[in-house]
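Read-outs throughout are calculated quantities, based only on the coordinates presented, and are distinct from any laboratory measurement. Note that the structure is a prediction, hence the values are computed from the model and not measured. In this analysis, Cβ positions are derived from the backbone assuming ideal geometry, glycine residues included, and neighbour counts consider all displayed protein chains.
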Amino acid sequence: MVVAAQAMAGAATGGAPGGPSVGSAARKFKLQKESELRVEVGWDAPLRLQLISGTAEVFGTELPPAFWLSFPPAQKFAVFTWSGADIEIEGVSEVAYIADETPMVSYINVHAVLERRRHKAKEAMAAEALSAPFTARSEQGPRVIVMGPTDSGKSSLTRMLLSWAARQGWRPMSVDLDVGQGSITIPGTIAATPIEMPIDPVEGIPLDVPLVYFYGHTTPGVNTDLYKALVKELAKTLDMQLSTHADARAAGVVINTMGWVEGVGYELLLHSIDAFNAKVVLVLGQEKLYSMLHDVLKAKPGVDIVKLHKSGGVVARNSKYRQRSRIFKTREYFYGISNELSPHASVANFSDLQVFRIGGGPQAPRSALPIGAEPTADPTRVVPVSISRDLIHAVLAVSYAKDPEQLLFSNIAGFVYITDIDIPRKRISYVAPCPGPLPNNILIAGSLAWVE
Ligand SMILES: Nc1ncnc2c1ncn2[C@@H]1O[C@H](COP(=O)(O)OP(=O)(O)OP(=O)(O)O)[C@@H](O)[C@H]1O
């Protein structure tokens, strides 16, 4: 049930650092235990929020007391309290209301089960380490995959499970397979990164040492073979990394997926479960998906499938909003969440860089195919791209591949944004997050573009 907002009029009481500035009036909200304040920040200006008393968290991360946090425009979030809290907000919000019906108890119960599995894995590994030096073991912490249709709260639940684990001192691995949003780097990628601290409510997942593969499009349907190849590669690399780190292995992995759950999308979800050898499948908010998965997974020993309610607070976002948040996400990569970064403009000769595209290579001639087969472009073929003005505004990935042959299976160092192509002088102007030469001269193009 939604409880009417208990906005208590009154002047702001100040806080660290600086206290509220002049602007729209501060509003205070009294949260009873196990309730949440749901907020949608307006489109034009950030909103500030502070915890006045009690304890509260945003998607699993505790709020510091008496400290103003600034949430960027258009952000949607909930401040949840297990035991009661007073919250103050300042700034324009499109929505701010208290709800006392949430699925949080069922979510924390899942966390408690995962926690037990982490401890069990750690104890088993410690016992085995006494008898032999540590190598790749079969014992491991939970491998969780979160599934559900678009806007069912997958990313939020993933964040909570990761942050709750980090609060207990674990360093779980976050994996994001949703190329539409790109919560770890930018849209068009799949990525994994260890979560060392509860995820910052404003900044999101830190970009310290992510393992990123470039798919290059914002929907997996553009090249499903490539998507599957990259998911497999990411899973393989992660397995290798985890096999030699006992603590990380015990902490486990939480995987966020895309919201495409029908037809080919459903097949891709099954592929992800297999590729990551997921042992806990959490299904949010859709009976049909749950029962389809349940029928398939009952044949797999040791895989638990759990149905969870979608939170009433999850906000449905239309395609315009998603498009806009993709632009924000790309901008954030180059400029930071609040313009704190300054990307560097550089110029290179055509001969300094090699640009490739994956998929869509030349088709095999019909005469070379078995009778009745249709020629199709090889979806995972690496194809050179001739540099032209078509690349202006493209966002390209900088690959770690030593040569083009390795490109498909190499992760990436980062991204550049092409600002100009000077054909007569054969020069490319681009923007990169840091100064100096690029870590590699092999770049990958997809269909990602960004107009500053
Ligand atoms: N309890 C809540 N109160 C307010 N906002 C919420 C709540 N839970 C989630 N949201 C917001 O709703 C939006 C959708 O949630 P989320 O991103 O978790 O869904 P999703 O299933 O991962 O979406 P998709 O896969 O379609 O991109 C996000 O902006 C999120 O911050």
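May I ask you to evaluate 6.51 cos²θ - 1.76 cosθ + 1.60, the Karplus curve with θ = phi - 60°, for each residue of region 297-305 and list the ³J(HN,Hα) values in order in whole Hz, giving x for glycine and proline?
The phi angles translate into 7, 5, 7, 9, x, x, 9, 9, 10 Hz.
Using Cα pairs closer than 8 Å and at least 6 residues apart in sequence, work out the relative contact order for the chain, in percent.
Working: 990 pairs, mean separation 59.8, N = 452.
Once divided by the residue count of the chain, the mean separation gives 13 percent.
Does the chain come out rounded, prolate or oblate by the C-alpha gyration tensor, with a ≥ b ≥ c the root eigenvalues, rounded set by a/c under 1.5 and, if not, prolate when a/b is larger than b/c and oblate if not? The partial results should precede the final answer.
Details: a/c = 1.79, a/b = 1.27, b/c = 1.41.
Cα axes put the chain in the oblate bin.
Pulled fully out, how much extra length does the chain show between S346 and H271, if you take 0.36 nm times their separation in residues and subtract their Cα-Cα distance?
Between S346 and H271, full extension yields 23.0 nm more.
Determine the dipole magnitude for the chain: charges of +1 sit on the beta-carbon of Lys and Arg, -1 on that of Asp and Glu, nothing else is charged, the reference point is the Cα centre, and the result goes in debye to the nearest 20. Each step should come with its number before you reach the end.
Working: 43 positive and 44 negative charges, 84 e Å.
Roughly 400 debye, rounded to the nearest 20.
How much of the DSSP bridge set in the chain is antiparallel, in percent, rounded to the nearest 5? Intermediate results must be reported in sequence, preceding the final value.
Details: 65 of 88 bridges.
Restricted to the chain, the bridges split so that about 75 percent are antiparallel.
What pairs from K76/K154; K154/K307; K120/K279; K120/K232; K288/K310; K122/K298 go past 18 Å between their alpha carbons?
Checking Cα-Cα distances, K120/K232; K122/K298 exceed 18 Å.
Which order results if R322, R389, R118 are arranged by neighbouring Cβ count within 10 Å, fewest first? Intermediate results must be reported in sequence, preceding the final value.
Working: R322 16, R389 11, R118 22.
Starting with the residue having the fewest Cβ neighbours, the order is R389, R322, R118.
I need the shape label for region 196-254. Rule: rounded when a/c is under 1.5, else prolate if a/b > b/c, else oblate, with a, b, c from the alpha carbon gyration tensor. Walk me through the intermediate numbers first.
On the way: a/c = 2.82, a/b = 1.31, b/c = 2.15.
Oblate, because a/c is 1.5 or more while a/b does not exceed b/c.
Longest exposed-loop-site-free stretch of the chain, with chymotrypsin sites (Phe, Trp or Tyr not before Pro), DSSP loop and at most 14 other Cβ within 10 Å? Don't jump to the answer; show the numbers that get you there.
Numbers: sites that count: W43, F134.
It works out to 135-452.
Could you pull out every residue, at least 5 positions away or on a different chain, whose amide H is within less than 5 Å of the one on F59? Hs are placed 1.01 Å off N in the peptide plane, and Pro or chain starts have none.
For F59, the qualifying residues are A78, F80.
Among S447, S155, which comes first, second and so on when ranked by fewest other beta-carbon atoms within 10 Å? Spell out each step's value before the answer.
Numbers: S447 15, S155 21.
Ranked by crowding around the Cβ, least crowded first: S447, S155.
For an R0 of 51 angstrom, estimate the FRET efficiency from the Cβ-Cβ distance between R167 and S386 and round to the nearest 0.05.
Values: r = 51 Å, r/R0 = 1.00.
According to the calculation, E is roughly 0.50.
What ³J(HN,Hα) values, in whole Hz, does the Karplus curve 6.51 cos²θ - 1.76 cosθ + 1.60 give for region 223-239 when θ = phi - 60°, with x put for Gly and Pro?
Whole-Hz 3J(HN,Hα) from phi for region 223-239: 7, 5, 5, 5, 4, 5, 4, 6, 4, 4, 5, 4, 5, 5, 4, 5, 4.
For A126 and A66, compute 0.36 nm times the residue count separating them, minus their Cα-Cα distance, and round to one decimal in nm. Write down the numbers at each step before the final one.
Details: separation 60, 0.36 × 60 = 21.60 nm, distance 4.14 nm.
Full extension of this stretch gives 17.5 nm more.
So how do V175, V451, V95 line up by other beta-carbon neighbours within 10 Å, fewest first?
On the way: V175 27, V451 7, V95 13.
Fewest to most other Cβ atoms nearby, the residues stand as V451, V95, V175.
By the gyration tensor of its Cα atoms, with a ≥ b ≥ c the square roots of the eigenvalues, what is the shape of region 169-327: rounded for a/c under 1.5, prolate for a/b over b/c, or oblate?
Details: a/c = 1.27, a/b = 1.03, b/c = 1.24.
Rounded, because the longest to shortest axis ratio a/c is under 1.5.
Taking R0 as 45 Å, what's the FRET efficiency between S338 and A299 from their Cβ-Cβ distance, rounded to 0.05? Write down the numbers at each step before the final one.
On the way: r = 49 Å, r/R0 = 1.10.
That gives a FRET efficiency of 0.35.
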